[in-house]
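Engineer: Would you mind keeping the following structure in view while I ask a few things?
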Amino acid sequence: MAKIESRLITKKMAWHANMTEMNHLGKALIVKPHVMEGVMTKLFTSQQYSDNALTSMLIKEGRTKTIDRSSWEWKLKGASTRPLVLMDRVEPDSNTTLGKYKTEFNLKYDENWWKPGDVVHPGASDKRYQCRVMQPPQRNGKGWTYRVRLMSDDPQFFLAEKFVSPGTLWSKLFSVYEEGAEQAGSTVYSNDMALENEMGRFRKSYKVTGDVANEVLAVSIPTKTGGKVNSWIQYAEVEYWQQWHRELEYAGVYARKVNSVMGANGRPVDTFPGVHEQLEDSHVHGYSVLSARLIEEYLMDIFYGRVKPGKQRHVKGFSGEYGMLNFHRAIERIDARRGFLQVVDNKFIQSTSSEYHTNALSYGYQYTMYRMPNGSTFELAHLPLYDDREINTEIDPVTGYPTESQRITMLDFGSDSGNSNVTLMKKKDEFKLGYVAGTHSPYGPAKNDNMAHTGDYYEMVVQDKMGIHIEDVTRCGELILSRN
């Protein structure tokens, strides 16, 4: 079976009589928005008419979801266990040898979680300092007093003072009992955290005058059967759609959630938290020099004790052009020290064409992925909005380029639930497009048509709602340039 070409084919050309209302791309978008919106998105996010890396990737990889409401809720599973905080030693301060001579003693903790038989310890590498809970805990002010005994037969062994300082973290290891025991160890269940997010509303209008409506963009759209449908759109509208999808990309990253900003009609403006705002509660780290070791230790902070070593430890980083250069140099420094390039540098030599020599060669490479110990993988992708000098005017005095260009936003798209950790959310039937025609319409000059006004132009208005869902922000984070 022949492979179906899925790429849209476009061409700039002059308007002609065969370009009618019936095959106008905007008309098709109005009639079948659920079908044609994807065509417009593909044309202006993933192809040459725009470069919106984040939204393009979410759409291309199917990380989108359409719902009936403007807000959504989800539950994030919390840890089933956590250390208890030691609040007070309870015993007299003069007793600096707690547990000596195999005696029982009291310690006060912040929760009523442990039961008699539970073996607990203060988290030290030296696991000799284990205590068994001997009696049910008793309420003591804001905490709970536990009667414990050291798990040792040595009468001279006692609990070191450093382990009974307020704020010390103690954890349960296991539970042990005697023959015929009726008691049993504690079980702690995790509490699901209920979270909520919502979408923002976007609108944009544009006027196209009759003088600029003669140039069109012809679009050949592939069908599922392998054929093509020819369509077209005014070329003047191309700039509109470029800006529309660029603004959605910028909102996806930079939008801030506010409730107190009112629109012209007195109603609150619909906004949502973009990626940056959501990641403020994740792993955010400032750096002055990017290094491979920094990346390794940073990802260890994210994965350690939460994601087992292996291929599931995969994070995708989005950065500007200078951030990509910094990443390449960081990995290159590793290879330079190890002499790696001397062994495999033939992989970077390729034949090329040149007017100066019949056997011309090229040499070069760029690191875009780092495979680390324990299965961690870091893949870097370009996010053009970080390089936009129009919105990023803060210049790094060392490089002379925007500081934002060196930001690295790390997103883990995996999830314990099997769903995407990062999703583009859309509201069902919210995408709306309409034309307001004068003596010129999107389909050409008016020919005894009904007109909404007498001007030699038509106006187009688009409205949509979207949001960004990050299920677990603690699997993500940012490395941000800081020269302070």
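The values are calculated or read from the model by the stated rules, or taken from the named source; none is laboratory data. Just so it is clear, the structure is predicted and the values come from calculations on it, not from any experiment. Please note: Cβ atoms are built from the backbone with ideal geometry, for glycine as well, and neighbour counts cover all protein chains shown. Quick note on the areas: whole protein, heavy atoms, side chains included, nothing else; ligands and nucleic acids left out. Shrake-Rupley method; radii C 1.70, N 1.55, O 1.52, S 1.80 Å.
Engineer: Could you look through segment 130-143, keep only residues that are within 16 Å of VAL176 (Cα to Cα) and in a loop (DSSP other than H, G, I, E, B), and pick out the one that is most open to solvent (accessible area, probe 1.4 Å)?
Structural biologist: By that ranking, first place goes to GLN135.
Engineer: Can you work out which of the residues in segment 346-378 that are touching a Gly at 6+ places or on another chain (Cβ under 7 Å) and closer than 28 Å to LEU54 by Cα is least open to solvent (accessible area, probe 1.4 Å)?
Structural biologist: PHE378
Engineer: Which residues, taken from segment 268-290, are open to solvent by 30 Å² or more (accessible area, probe 1.4 Å), more than 22 Å from THR368 (Cα to Cα) and touching a helix residue (DSSP H, G or I) at 6+ places or on another chain (Cβ under 8 Å)?
Structural biologist: Across segment 268-290, the qualifying residue is only ASP281.
Engineer: Of everything in segment 166-208, what is modelled with pLDDT of 70 or more, of a type in the set (Ser, Thr, Tyr) and either at positive phi or open to solvent by 50 Å² or more (accessible area, probe 1.4 Å) (or both)? Give them in sequence order.
Structural biologist: TYR177, SER205, TYR206
Engineer: Something else: For segment 291-325, enumerate the residues that are open to solvent by 30 Å² or more (accessible area, probe 1.4 Å) and either part of a strand (DSSP E or B) or basic (Lys, Arg) (or both).
Structural biologist: Listed by number, the residues that qualify are ARG293, ARG306, LYS308, LYS311, HIS314, LYS316.
Engineer: Any residue at all in segment 91-107 that's open to solvent by less than 40 Å² (accessible area, probe 1.4 Å), at pLDDT below 90 and under 29 Å from THR474 (Cα atoms)?
Structural biologist: Checked against the condition, which is being open to solvent by less than 40 Å² (accessible area, probe 1.4 Å), at pLDDT below 90 and under 29 Å from THR474 (Cα atoms), segment 91-107 yields no hits at all.
Engineer: A further question follows. Quick one: in segment 252-267, which of the residues that are assigned to a loop (DSSP other than H, G, I, E, B) and of a type in the set (A, V, I, L, M, F, W, C) is surrounded by the fewest Cβ atoms within 10 Å (Cβ to Cβ)?
Structural biologist: This residue is ALA264.
Engineer: Taking segment 436-484 on its own, how many of its residues are under 22 Å from the mean Cα position of the chain (by Cα) and among the hydroxyl-bearing types (Ser, Thr, Tyr)?
Structural biologist: 2
Engineer: Taking MET460 as the residue in question, decide whether it is open to solvent by less than 50 Å² (accessible area, probe 1.4 Å), more than 15 Å from SER282 (Cβ to Cβ), touching a Lys or Arg at 6+ places or on another chain (Cβ under 6 Å) and part of a strand (DSSP E or B).
Structural biologist: Criteria not met by MET460.
Engineer: Next question. Examine segment 430-437 for a residue that is out of contact with any helix residue (DSSP H, G or I) (no Cβ under 8 Å at 6 or more places or on another chain) and among the basic types (Lys, Arg), and state whether such a residue exists.
Structural biologist: Checked segment 430-437: no residue is out of contact with any helix residue (DSSP H, G or I) (no Cβ under 8 Å at 6 or more places or on another chain) and among the basic types (Lys, Arg).
Engineer: While we're looking at this one, here's another question. Suppose we filter segment 38-77 for residues that are at pLDDT below 65 and over 20 Å from TYR250 (Cα atoms); how many remain?
Structural biologist: Result for segment 38-77: 4.
Engineer: While we're on this one: Could you list all residues from segment 392-446 that are open to solvent by 20 Å² or more (accessible area, probe 1.4 Å) and β-branched (Val, Ile, Thr)?
Structural biologist: Of everything in segment 392-446, those that are open to solvent by 20 Å² or more (accessible area, probe 1.4 Å) and β-branched (Val, Ile, Thr) turn out to be THR393, ILE395, VAL398, THR399, THR403, VAL436, THR439.
Engineer: Starting from segment 470-484, keep only residues that are closer than 17 Å to ARG306 by Cα and open to solvent by 40 Å² or more (accessible area, probe 1.4 Å), then list their pairs with residues that are of a type outside the set (Lys, Arg) and in a loop (DSSP other than H, G, I, E, B) whose Cβ atoms are within a distance under 6 Å, requiring at least 6 positions of separation or different chains.
Structural biologist: THR474/SER282
Engineer: Only one of HIS469, HIS440 is modelled with pLDDT of 80 or more and touching a Ser or Thr at 6+ places or on another chain (Cβ under 8 Å). Can you tell me which?
Structural biologist: Of HIS469, HIS440, the one residue that is modelled with pLDDT of 80 or more and touching a Ser or Thr at 6+ places or on another chain (Cβ under 8 Å) is HIS469.
For every residue, the table says whether it meets (1) aliphatic (A, V, I, L, M); (2) more than 30 Å from ASN421 (Cα to Cα).
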position: LEU58; (1), (2): yes, no
position: GLY99; (1), (2): no, yes
position: GLU104; (1), (2): no, yes
position: LYS108; (1), (2): no, yes
position: VAL120; (1), (2): yes, yes
position: GLN135; (1), (2): no, yes
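Engineer: Could you count how many residues in segment 390-440 are assigned to a strand (DSSP E or B) and free of Cβ contacts under 8 Å to residues at least 40 places away in the same chain?
Structural biologist: So the count comes out to 3.
Engineer: Identify the single condition in (1) under 30 Å from TYR457 (Cβ atoms); (2) without any contact (Cβ under 8 Å) to a residue 24 or more places away in the chain; (3) open to solvent by 40 Å² or more (accessible area, probe 1.4 Å) that GLU247 does not satisfy, given that it satisfies every other one.
Structural biologist: Failed condition: (2).
Engineer: To continue, here is another question. Among the residues in segment 444-455, are any part of a loop (DSSP other than H, G, I, E, B) and in contact (Cβ under 8 Å) with a residue 24 or more places away in the chain?
Structural biologist: no
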